[in-house]
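Presented below is the structure to which this report refers.
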Amino acid sequence: MADSAQAQTLVYLVTGGCGFLGEHVVRMLLQQEPRLRELRIFDLHLGPWLEELKTGPVQVTTIQGDVTQAQEVAAAMTGAHVVIHTAGLVDVFGRASPETIHEVNVQGTKNVIEACVQTGTRFLVYTSSMEVVGPNVKGHPFYRGNEDTPYEAVHRHPYPCSKALAEQLVLEANGRKVRGGLPLVTCALRPTGIYGEGHQIMRDIYNQGLRLGGRLFRAIPASVEHGRVYVGNVAWMHVLVARELEQRAAVMGGQVYFCYDKSPYKSYEDFNMEFLGPCGLRLVGTRPLLPYWLLMLLAALNALLQWLLRPLLLYAPLLNPYTLAMANTTFTVSTNKAQRHFGYKPLFSWEESRTRTIRWMQAMDSSAQ
Ligand SMILES: NC(=O)C1=CN([C@@H]2O[C@H](COP(=O)(O)OP(=O)(O)OC[C@H]3O[C@@H](n4cnc5c(N)ncnc54)[C@H](O)[C@@H]3O)[C@@H](O)[C@H]2O)C=CC1
Ligand SMILES: C[C@H](CCCC(C)(C)O)[C@H]1CC[C@H]2[C@@H]3[C@H](O)CC4=CC(=O)CC[C@]4(C)[C@H]3CC[C@]12C
């Protein structure tokens, strides 16, 4: 707990505060950061749930804005002590153009950095992604690796390329002088695949299972491990980093940290079944039902259809060559860097993370009926 002299003095800004992760960061800050005086939530689309936050002891300010607009970002940041930059365009399905992804993820991040310098905001926490590392275009496995594990990080897809560039900008900005002459302290967090309450892809897969009569068909070998982390723990890590950056600037400034917890190592599909199973879905097959070459063909066909149909409609199925490669390449993390550098321990056990996610899915299901 903060001492009373420091109580309720800080102004935080969360970009993308209405997104899947952003909402958890916002709620976690309100619960776990006693020094908070004002919380600014900056997002392209503001959610109605924000209203309920405005009755608490912390001043909650909602700002509808666009990170690609430098002046909007600077205006929102004036007087903020800390910025947690989670806003981003998360698209691996071809919904947005590569230019738009770059504009939001890279230019948006540049705008946040420049706004820090201009306004004197000294602490910047950036939500990066495991995708900055891999899986790479060659499909090399990354098995229980840490932040120092050598890996050939080569990307072609616009999303990982944009996240890698943005992360680099954030790390290079560490130490720059901000208004008032003090140095900027930056840090990047790299979540693996996030799951939990509000996860849209989990919803999509659940609905797909319902359409298939309560079944999903195994496409990926169970031996391919895919790293996952609970959204509450990712949010907690952001809150802790933001809190510790000032005291531990020399250790944490310019560093990257994978986001991890005790979620088990499993394939993407087996992991999802931890939640979809209790909601009544079944994963058919102990081995993939279709050979990999056929899946690749279907994925390529989807990509072709997307391109052909683009003038008429947006066709963006879950399966495309990139998502297939992602799901079919082992990428798991085993590290304790966050614990060593700033004392991180997951706030939610695996059992709790699982229960919370199942409860959310079941509630979603019953409200749909
Ligand atoms: N979902 C996942 O598994 C992972 C996500 N991440 C990163 O975490 C961050 C949050 O991702 P999610 O919560 O999953 O995505 P999301 O799409 O739910 O949230 C992103 C938020 O950013 C906002 N946003 C988008 N463009 C904006 C703009 N131009 N100006 C202002 N706000 C804008 C959106 O309105 C949305 O509320 C992203 O930076 C993403 O790259 C990293 C690793 C894994
Ligand atoms: C949608 C994919 C699963 C498709 C299964 C198939 C091929 C059988 O239809 C998802 C598999 C891996 C996911 C990605 C991964 O968890 C890492 C990510 C990190 C991010 O920063 C953003 C999200 C994502 C790219 C995530 C997206 C869905 C998958 C590709």
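The values are calculated or read from the model by the stated rules, or taken from the named source; none is laboratory data. In this text the structure is predicted, and so the values were computed from the model without any measurement. Here Cβ is always computed from backbone atoms with ideal geometry, including for glycine, and neighbour counts include all displayed protein chains. All accessible areas refer to the heavy atoms of the entire protein, side chains included, with ligands and DNA or RNA removed. Shrake-Rupley method; radii C 1.70, N 1.55, O 1.52, S 1.80 Å.
Quick look at the numbers
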item	result
Count - residues of segment 306-316 that are without any contact (Cβ under 8 Å) to a residue 12 or more places away in the chain and open to solvent by less than 70 Å² (accessible area, probe 1.4 Å)	1
Residue list for segment 102-143, restricted to those being crowded, with 16+ Cβ neighbours inside 10 Å, within 16 Å of ligand 2 (Cβ to nearest atom), farther than 23 Å from residue 231 by Cα and of a type in the set (Val, Ile, Thr)	106
From 284, 241, residue being within 16 Å of ligand 1 (Cβ to nearest atom), of a type in the set (A, V, I, L, M, F, W, C) and within 25 Å of residue 357 (Cα to Cα)	241
Cross-chain or 6+ apart pairs with Cβ under 8 Å, segment 176-196 first and more than 25 Å from residue 261 (Cβ to Cβ) and charged (D, E, K, R), then within 14 Å of ligand 1 (Cβ to nearest atom) and open to solvent by 20 Å² or more (accessible area, probe 1.4 Å)	none
Segment 252-275 residues that are open to solvent by 40 Å² or more (accessible area, probe 1.4 Å), paired with ones that are in a strand (DSSP E or B) (beta carbon under 7 Å, 6 or more apart)	255/187; 265/332; 268/226
Looking only at segment 213-227, and only at residues there that are away from ligand 2 (no atom under 12 Å from the Cβ) and open to solvent by 70 Å² or more (accessible area, probe 1.4 Å), the one that is farthest from residue 126 (Cα to Cα)	215
Within segment 48-70, tally of residues that are more than 13 Å from ligand 1 (Cβ to nearest atom) and either in contact with a Phe, Trp or Tyr (Cβ under 8 Å, 6 or more places away or on another chain) or not hydroxyl-bearing (Ser, Thr, Tyr) (or both)	10
Residue that is open to solvent by 40 Å² or more (accessible area, probe 1.4 Å), modelled with pLDDT of 95 or more and touching a Leu at 6+ places or on another chain (Cβ under 8 Å), where the choices are 282, 354	282
